[in-house]
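Below: the structure, in structure tokens.
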Amino acid sequence: MKSDERITNFEKSRQFSADIHALIPGGAHTYSKGDDQFPANAPAAISHGKGAHVWDLDGNEFIDCSMGLTSVCIGHGYEPVAQAVCEAAFKGTNFQRPAAMELEAARLFLDTVQSGDMVKFAKNGSTVTTAAVKLARAFTGRNRVAIAREHNFFSYDDWFIVTTPCDRGIPSKVREMTAAFSYNDYESVENLLKDDDHDIACLIMEPVKFDPPRNDFLHKVAALCKDRGVLLILDEMISGFKWGLQGAHNYYGVKPDMSTWGKGIANGFSACALTGRAEIMELGGIRRQGDDKLFLISTTHGAETTGLAAMMATIREFNKHDMITSNWARGEFLKSRLEDVVTRNGLAHELQLIGYPCLFALVCKNAEGVPDDRFRTLMMQEMIANHVLFQGLFYPTWSHQQPELDVMVQAFEEACGVYRAAVDAGTTDNFLVGPPAKPVFRKKI
Ligand SMILES: Cc1ncc(COP(=O)(O)O)c(C=O)c1O
């Protein structure tokens, strides 16, 4: 990899961007992958990847920092997982009755995550978070759901999207069904549940994001939920297989009623899971003769054998190589090297690395110390020009070995030099090559 040469050729990328929006609304199937989320010099599409390396349409090579929205938890094209998927594909992917491997996958997953007695598999995280909310409503007989307002995504379904500025297309009445509390603000949770007619079926939050839980927040919330008969759903979509194979709730020793898993549990293949206590999960079963039937998750592709095979192979590889320990060690090394670069460039006021070694983010501020999309875009632009595909997150995996970490630090060093010059100039005007990236959730396009 010639990481000392600045990338300037994006010809095929530009053509791709020009063509795709006519065929695919948004030009991508995840809004956070869209053109408006990146600087003008970003690769428009990735042709292939290997380990932590990806290549774009023009043959430019990059180190990947966020690994497919953090779904690729070991590495692109990682052979033991790809092999398991191929074997499953050759044996058939979908049958008229459950695939034999569903039982094995359920056992392995529940033994691994140590959270809940039963599991339901699906293809998307949104499917399992929405299913958790439905079960909570059925179990408690209440209607409303409460979300942590600092956690920016739980589902593309209406119950969550209605709380964002992008509420177009959602009946206004849906808004009343979702309340919000603040993570680490116990009082805000107490306030929601203080009146007997709160009608709240469940709380949903990520166990942790970049801020650690403070003042025993998670345990106090779990106890309060138990006391008020409200179900606690911890969304491990991002934290699962990063804080540990048992997720972040085990890391902090808190027991939710249900947990939701996806993203990085199958090295980028589509496998998600809802786990929970048997008495709640069983509401979605067919063993309670005479009871009302609850239509839980029922999808054609939910248990496709390739996804389950990828998930099982991923778990085996994590255990075999103790990848959680090594990811944390790589993250610690990388974070401290990046922090040195920030300090050396006198940018501690403008650039902050927040989060844990297993997953951390860079907050980009302007000279006034205010988070600023133009400065954020400048950082992405300069990292990309220096061969690092960066969108604000650092997710160290097994594939980020020393040479990859070195390229990332070197690119950050170069990027910080330009950032410093823009901060000194008080503007990104002569530095940015195109418009700034925009927030995903915004009222206007
Ligand atoms: C915390 C969290 N929950 C749920 C989801 C939804 O997952 P999916 O995109 O697979 O539907 C996401 C996706 O970004 C997420 O970050």
_Kindly evaluate residue 261 against the criterion of being out of contact with any Gly (no Cβ under 6 Å at 6 or more places or on another chain) and under 30 Å from residue 211 (Cβ atoms)._
no
_Just to be sure I understand, how many residues within region 360-403 are more than 19 Å from residue 62 (Cβ to Cβ) and surrounded by 22 or more Cβ atoms within 10 Å (Cβ to Cβ)?_
1
*Between a first residue in region 410-428 that is more than 21 Å from residue 1 (Cβ to Cβ) and a second residue that is assigned to a helix (DSSP H, G or I) and small (Gly, Ala, Ser), which pairs have beta carbons less than 6 Å apart while being 6 or more apart in sequence or on different chains?*
428/422
_Within region 341-356, does at least one residue satisfy the condition of being among the polar types (S, T, N, Q), in contact (Cβ under 8 Å) with a residue 12 or more places away in the chain, part of a helix (DSSP H, G or I) and not assigned by TED's automatic domain parsing to the domain that holds residue 101?_
no
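Does residue 397 satisfy the criteria of being touching a Gly at 6+ places or on another chain (Cβ under 7 Å) and of a type outside the set (A, V, I, L, M)?
yes
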*Tally time: how many residues in region 369-402 are in a loop (DSSP other than H, G, I, E, B) and under 22 Å from residue 10 (Cβ atoms)?*
5
_Some residue of region 349-366 being more than 26 Å from the chain's Cα centre (by Cα) and over 26 Å from residue 67 (Cα atoms)_ = yes
*Please indicate, with yes or no, whether at least one residue in region 206-215 is within 16 Å of the ligand (Cβ to nearest atom), of a type outside the set (Phe, Trp, Tyr) and outside any loop (DSSP other than H, G, I, E, B).*
no
*Taking region 142-171 only, how many residues are assigned to a helix (DSSP H, G or I) and within 13 Å of the ligand (Cβ to nearest atom)?*
3
*Check region 279-300 and report whether any residue there is within 14 Å of the ligand (Cβ to nearest atom), farther than 29 Å from residue 142 by Cβ and out of contact with any Cys (no Cβ under 8 Å at 6 or more places or on another chain).*
no
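For residue 139, are the conditions met, namely being assigned by TED's automatic domain parsing to the domain that holds residue 246, under 20 Å from residue 31 (Cβ atoms) and either away from the ligand (no atom under 12 Å from the Cβ) or not small (Gly, Ala, Ser) (or both)?
Considered against the rule, which asks whether it is assigned by TED's automatic domain parsing to the domain that holds residue 246, under 20 Å from residue 31 (Cβ atoms) and either away from the ligand (no atom under 12 Å from the Cβ) or not small (Gly, Ala, Ser) (or both), residue 139 comes out as no.
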_Per-region count, region 251-266, residues touching a residue at least 60 places away in the same chain (Cβ under 8 Å) and outside any loop (DSSP other than H, G, I, E, B)_ = 4
*Kindly provide the set of residues from region 70-111 that are in contact (Cβ under 8 Å) with a residue 60 or more places away in the chain, farther than 23 Å from residue 154 by Cα and under 22 Å from the mean Cα position of the chain (by Cα), ordered by number.*
74, 75, 76, 78, 81
*Do you know which residues across region 112-153 are closer than 29 Å to residue 291 by Cα, under 19 Å from the mean Cα position of the chain (by Cα) and surrounded by fewer than 21 Cβ atoms within 10 Å (Cβ to Cβ)?*
123, 124, 126
*asked:* Restricting to region 421-445, name every residue that is touching a helix residue (DSSP H, G or I) at 6+ places or on another chain (Cβ under 7 Å), closer than 25 Å to residue 27 by Cβ and of a type in the set (Gly, Ala, Ser).
replied: 437
*Which of the residues spanning region 154-170 are without any contact (Cβ under 8 Å) to a residue 12 or more places away in the chain and surrounded by fewer than 19 Cβ atoms within 10 Å (Cβ to Cβ)?*
167, 168, 169
*asked:* Give me the residue from region 216-246 that is in a strand (DSSP E or B) and touching a strand residue (DSSP E or B) at 6+ places or on another chain (Cβ under 6 Å) and, out of that set, farthest from the ligand (Cβ to nearest atom).
replied: 231
*Of the numbered conditions (1) within 15 Å of residue 233 (Cβ to Cβ); (2) in contact with a Lys or Arg (Cβ under 7 Å, 6 or more places away or on another chain), residue 262 satisfies every one except a single condition; which is it?*
(2)
*Can you name the number of the only condition in (1) under 28 Å from residue 163 (Cβ atoms); (2) of a type in the set (A, V, I, L, M, F, W, C); (3) surrounded by 14 or more Cβ atoms within 10 Å (Cβ to Cβ) that residue 445 fails?*
(3)
*How about region 269-302: which of its residues are surrounded by fewer than 24 Cβ atoms within 10 Å (Cβ to Cβ) and either within 21 Å of the chain's Cα centre (by Cα) or among the polar types (S, T, N, Q) (or both)?*
269, 270, 289, 298, 299, 300, 302
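The values are calculated or read from the model by the stated rules, or taken from the named source; none is laboratory data. Since the structure is predicted, the reported quantities are computational estimates derived from the model, not experimental observations. Reconstructed Cβ throughout: ideal geometry from the backbone, glycine too, with neighbour counts over all protein chains shown.
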